[in-house]
Amino acid sequence: MEKRKILVTRPQLPPLNEFIPLLADIWDSRWLTNNGKYHQEFEKALANYLGVPYVVLFANGTLALMAALQCLRIKGEVITTPYSFVATTHSLWWNDIKPVFVDIEPDYCNLDPERIEAAITPATTAILPVHVYGNPCEVDKIQDMADYYGLKVIYDAAHAFGVRLKGSSVLNYGDLSIVSFHATKVFNTIEGGAIICHDIKTKKRLDYLKNFGIANETTVVAPGINAKMNELQAAYGLLQLKYFDTVIDGRKHITEKYKQGLKNIPGVRYLDEPQEVDYNYSYFPIFIDESEFGRSRDDLFEELKKHGIYGRRYFYPLISEFPTYRGLPSAKGLGIAYEVSRQIICLPLYPDLADEIVDLIISIISEMVQVDSNKVPVKVLKTYKEKRKFPKEK
Ligand code: T4K
């Protein structure tokens with residue numbers, strides 16, 4: 001018998017019986033892609049659900065990022081974070097833009113606004129921060145900096161679908177925000193993504209850019225790309241939207257169970273829920289402080305695997321450590337991101353994850369801890385700000 005595997009995520013699918021009539025309709029219509037009726041309906045439904053002005057659907061989040069940079073004609077240098085999925089920086093590379101890495105803040109692992117100014121040069125045109133794990137960046141500070149220096153702000157909000165800040169969608173911040181609807185995301189259309197923009201002119205330009213730059217049968221207004229979402233995915237997405245609130249409730253339940261079970265384990269830290277935020281519970285990252293836990297993050301990663309549990313080290317290594325980027329001057333001196341990337345492990349999180357599995361994961365973690373009895377008892381779950389001891393990057 002095949003051994004049970006618990007993966008970091010398990011995609012949420014809409015009920016098959018609800019999808020079949022939509023498929024039948026698409027089969028009948030023979031309209032499969034290129035701004036079909038489900039595509040149009042899905043864009044409107046998303047804008048309405050999220051409370052944002054305009055949604056432009058894309059084939060995936062990466063193409064959306066690339067098109068966003070094209071849309072705003074971003075050139076030169078862009079300030080971004082090394083602590084993300086490679087797609088964030090790759091989108092710059094594909095646009096011939098030089099990434100300038102800036103370290104993260106330690107509490108939520110987002111780009112540190114206090115460090116942006118020092119990285120600005122005459123070639124800087126934009127800031128590309130990431131709402132890591134769906135926790136909002138310090139959007140007001142980032143916007144102030146951008147306004148002061150005349151920079152654009154494009155948020156990689158791949159993880160932030162459904163997140164609200166002070167009652168409004170976090171996707172409303174910045175010039176543009178990009179979400180991913182990949183199978184592994186809180187809200188998926190198998191593959192997919194979208195750009196959130198503030199005005200109809202920008203939406204129109206993005207519509208052209210994702211369809212080869214075609215304005216009409218005889219006019220091409222830009223060197224666009226093919227980044228369209230098809231009708232099957234748009235219909236599937238419409239169904240997913242009906243169930244999204246239930247999905248969040250399920251994820252919240254698992255998150256709270258983890259927090260309860262892990263709160264007194266020395267050397268294990270999880271992120272506090274930020275103030276004034278309706279969170280989407282997209283990931284459950286924990287950070288292992290080896291000196292207090294007595295074992296390394298990788299020991300834990302391997303131990304979980306022995307039990308068929310596959311956490312993921314999002315984000316390790318840092319993007320700035322990959323061969324394409326490690327030669328950049330800004331790839332050095334990213335001490336906080338470096339340490340965090342050595343501590344991080346995201347535990348399995350999805351709505352139908354059984355409570356018994358969560359209990360098992362908690363017990364594996366608690367049984368691993370090796371507290372030195374000669375040490376003064378450690379205060380657990382302290383924030384990084386309290387600790388303030390970041391080892392030097394090796
Ligand atoms: N910006 C950020 C900040 C991002 O995190 C991402 C994507 C993007 C931009 C780009 O958006 P997209 O272009 O992808 O729309 C996964 C996802 O492929 C990627 O979308 C995601 N970030 C990243 C954080 O995670 P991998 O390399 O970890 O994928 P993989 O295949 O190893 O799958 C992860 C886990 O999910 C495995 O345990 C298997 C499980 N899984 C996966 C798939 C595809 C399933 O159970 N079912 C599935 O269908 O990158």
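The values are calculated or read from the model by the stated rules, or taken from the named source; none is laboratory data. Everything numeric in this text was worked out from a predicted model, so none of it was measured. As a convention, Cβ positions derive from the backbone with ideal geometry for all residues, glycine included, and neighbour counts pool all protein chains shown. The accessibility values were calculated without ligands, DNA or RNA, using every heavy atom of the protein model including side chains. Shrake-Rupley method; radii C 1.70, N 1.55, O 1.52, S 1.80 Å.
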- Task: Using a 1.4 angstrom probe, figure out how much accessible area the range 244-368 has per residue, in square angstrom, rounded to the nearest whole.
- Result: 40
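Calculate what fraction, in whole %, of the accessible area of the range 6-239 sits on carbon and sulfur atoms when a 1.4 Å probe is rolled over the protein chains.
Percent of accessible area from carbon and sulfur atoms in the range 6-239: 57.
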- In the range 244-368, if every C-alpha pair distance is counted and binned at 5 Å from zero, what percent goes to each bin? 2, 10, 19, 21, 18, 13, 9, 6, 2, 0
- Message: Can you show me the helix-derived [θ] at 222 nm for the chain, built from DSSP H runs with n ≥ 4 at -39,500 (n - 2.57) apiece and divided by the number of residues, rounded to the nearest 500.
- Response: -11000 deg cm²/dmol
- Hey, any idea what Rg/Rh is for the range 184-223, computing Rh the Kirkwood way over Cα pairs? 1.11
- Note on the structure: Here the alpha-carbon Rg of the range 6-239 over 2.2 N^0.38 Å rounds to 1.02
- Query: Averaged per residue, what accessible surface does the range 98-237 expose to a 1.4 Å probe, in Å²?
  - Reply: 36
- Run the dipole for the range 244-368 about the Cα centre, Lys and Arg Cβ at +1, Asp and Glu Cβ at -1, nothing else charged, and hand back the magnitude in debye, nearest 20. 520
